[in-house]
Amino acid sequence: MDNNTVPPGIVCTPAQYERSLTDGSSIHCLTRSQSIGLTVVAQAGLVSLVAVSYVFIIILRNITWRIRHSSGKALHVFDGPMDLIMFSLFFADALQAIGAVMSIPWIQDGKVEVGKFCSAQGIVQQLGETGVAMTTLMIAVYTFLGGWLGKDIKSMPIWVTQVLMVAVWLFVTLMTMLGNLLNRDKHFETPTPYWCWIGADYLQWRIWGEYFWFWFTLAVSLAIYIPLYLWSRGNLLFDEHTWWKLSLQRVDSNADPELKVIRRRSLVMLAYPAVYCISILPLSVVRWIGFIQERGNRPNRVPSTATFAVVALYSLSGACNVVLLLTTRPDSLLFCKFTRLTAIRAPSPRNSPGQSSHNLTENEGGEGNIGRLPSRSES
């Protein structure tokens, strides 16, 4: 086969191009338009990676400051359940972003090919994407239980969250590692086709290792948002004595304005599942169309442009989560502004030293009170 048989815009050698036509599961030669689309995806991942890195700089700065001013007291990195969950979310966001950025060598080479780097990208992407889905699911469920049961998320035992977080990451790690170990003599992580992930021959691993959690988190988040939105408006009331009884009512125009603010502020945490829904829904639609087309061993005819567009949007979810964090600025010691850390050492004259730490969780304006949910007596 000579060079004239390779279509314009493809940089694969004639032998590589011929192999891609006969064995697409081991190599895929990128066209010029596919290289451009993949560049957009990698750039979106890079934006998220830079943004998430900034959050970890904040975390490192706050922890370092607390160590230097701990006065010999025991230091707890996570002061509440939501600190731990948010740390897990940004850790998973970082892995997901790294997986997208790892596509840069494919752009440079003009091809995606099986090998150690291909396997590494598939592993990182599965760890990050499934981790984001399961952590976002926890945020949605915690927020809903806080509103339904009338408990402040910060008052929930942190050991319960620690156990759940260990279970989440143990499951994600085991599913990822087992898939690769049990199929190490086969092409488990293969070009799909624009980057490396679980091969098409391993549909069950795709579903239970990632897709199920995408769609389950999407469904739960949508189902939870509607009743909590009605509750925040005052249309929905939870029974004080029977947790499963609900009642609908018209919005009371004379309701306590402060209660309205508390209720709406309590929905801040649902912004993270909302971002996830917005980013994963278009991707899910494209994937389902592909599934339908592939039935009966038929080819997937979803345009590459559509795939790159929805994946680029999904790759920006980490940056969106960072924007939410910086705009809500929770008063937790792990994520708070530096000025609030210094407030511990320099309490205002109006407050006693014992009150300065309390001010980190109950600021005067009530902003950024992440995870704060009114009690039954307030609602």
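Please enumerate the residues belonging to the range 167-176 that are out of contact with any helix residue (DSSP H, G or I) (no Cβ under 8 Å at 6 or more places or on another chain) and within 19 Å of GLY99 (Cα to Cα).
Passing the criteria: only LEU174.
Take the conditions in contact (Cβ under 8 Å) with a residue 24 or more places away in the chain, of a type in the set (Val, Ile, Thr) and surrounded by fewer than 19 Cβ atoms within 10 Å (Cβ to Cβ) and apply them to THR31. Does it pass?
Against the criterion (in contact (Cβ under 8 Å) with a residue 24 or more places away in the chain, of a type in the set (Val, Ile, Thr) and surrounded by fewer than 19 Cβ atoms within 10 Å (Cβ to Cβ)), THR31 qualifies.
Which of the residues belonging to the range 273-319 are under 17 Å from LEU137 (Cβ atoms) and either free of Cβ contacts under 8 Å to residues at least 24 places away in the same chain or not polar (S, T, N, Q) (or both)? Can you show your working first?
At the first step, the residues of the range 273-319 found to be under 17 Å from LEU137 (Cβ atoms) are 273-281, 283-284, 314, 317-318.
Selection gives PRO273, ALA274, VAL275, TYR276, CYS277, ILE278, ILE280, LEU281, LEU283, TYR314, GLY318.
When you scan the range 172-188, do you find a residue that is over 24 Å from MET138 (Cβ atoms), touching a residue at least 12 places away in the same chain (Cβ under 8 Å) and within 24 Å of the chain's Cα centre (by Cα), even just one?
Looking for residues that are over 24 Å from MET138 (Cβ atoms), touching a residue at least 12 places away in the same chain (Cβ under 8 Å) and within 24 Å of the chain's Cα centre (by Cα), one finds at least one in the range 172-188, hence yes.
Residue-wise test of (1) within 26 Å of SER35 (Cα to Cα); (2) at pLDDT 85 or above; (3) touching a strand residue (DSSP E or B) at 6+ places or on another chain (Cβ under 6 Å).
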site: ARG68; (1), (2), (3): no, no, no
site: LEU75; (1), (2), (3): no, no, no
site: PHE91; (1), (2), (3): no, yes, no
site: ALA100; (1), (2), (3): yes, yes, no
site: ILE123; (1), (2), (3): yes, yes, no
site: MET134; (1), (2), (3): no, yes, no
site: VAL141; (1), (2), (3): no, yes, no
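Is there a residue in the range 136-153 that is crowded, with 16+ Cβ neighbours inside 10 Å, acidic (Asp, Glu) and within 14 Å of PRO81 (Cβ to Cβ)? Before the answer, list the steps.
Taking the range 136-153 as the starting set, the residues that turn out to be crowded, with 16+ Cβ neighbours inside 10 Å are 136-148, 150-153.
Filter once more, so that each one left must be acidic (Asp, Glu): 152.
With the extra rule that they be within 14 Å of PRO81 (Cβ to Cβ), the set shrinks to 152.
The answer is yes, given that some residue of the range 136-153 is crowded, with 16+ Cβ neighbours inside 10 Å, acidic (Asp, Glu) and within 14 Å of PRO81 (Cβ to Cβ).
Look through HIS28, HIS76 and report the one residue that is under 26 Å from the mean Cα position of the chain (by Cα) and over 24 Å from ALA319 (Cα atoms).
HIS76
Which one of these is crowded, with 20+ Cβ neighbours inside 10 Å and of a type in the set (Asp, Glu): ASP79, ASP93, ASP23?
Numbers: ASP79 fails: crowded, with 20+ Cβ neighbours inside 10 Å; ASP23 fails: crowded, with 20+ Cβ neighbours inside 10 Å.
Answer to the check: ASP93.
For VAL168, which of the numbered conditions (1) closer than 20 Å to PHE87 by Cβ; (2) buried (at least 19 other Cβ atoms within 10 Å of the Cβ); (3) modelled with pLDDT under 95; (4) β-branched (Val, Ile, Thr) fails to hold?
(3) is the only condition that VAL168 fails.
I'd like to check which helices (runs of 4 or more DSSP H) are fully inside the range 191-300 and have at least 2 residues that are surrounded by 13 or more Cβ atoms within 10 Å (Cβ to Cβ) and at pLDDT 80 or above.
203-206, 212-233, 271-294
With the condition being among the hydroxyl-bearing types (Ser, Thr, Tyr), I'd like the helices (runs of 4 or more DSSP H) fully within the range 1-116 carrying at least 2 qualifying residues.
Answer list for the range 1-116: 14-22, 32-68.
Find the residue count for the range 206-235, including only residues that are within 18 Å of TYR314 (Cα to Cα) and of a type in the set (D, E, K, R).
Residues flagged as within 18 Å of TYR314 (Cα to Cα) and of a type in the set (D, E, K, R) within the range 206-235 amount to 2.
The values are calculated or read from the model by the stated rules, or taken from the named source; none is laboratory data. All of these numbers come straight from a predicted model, not from anything done at the bench. With ideal geometry, Cβ positions are generated from the backbone for all residues, glycine too; neighbour counts draw on all protein chains shown.
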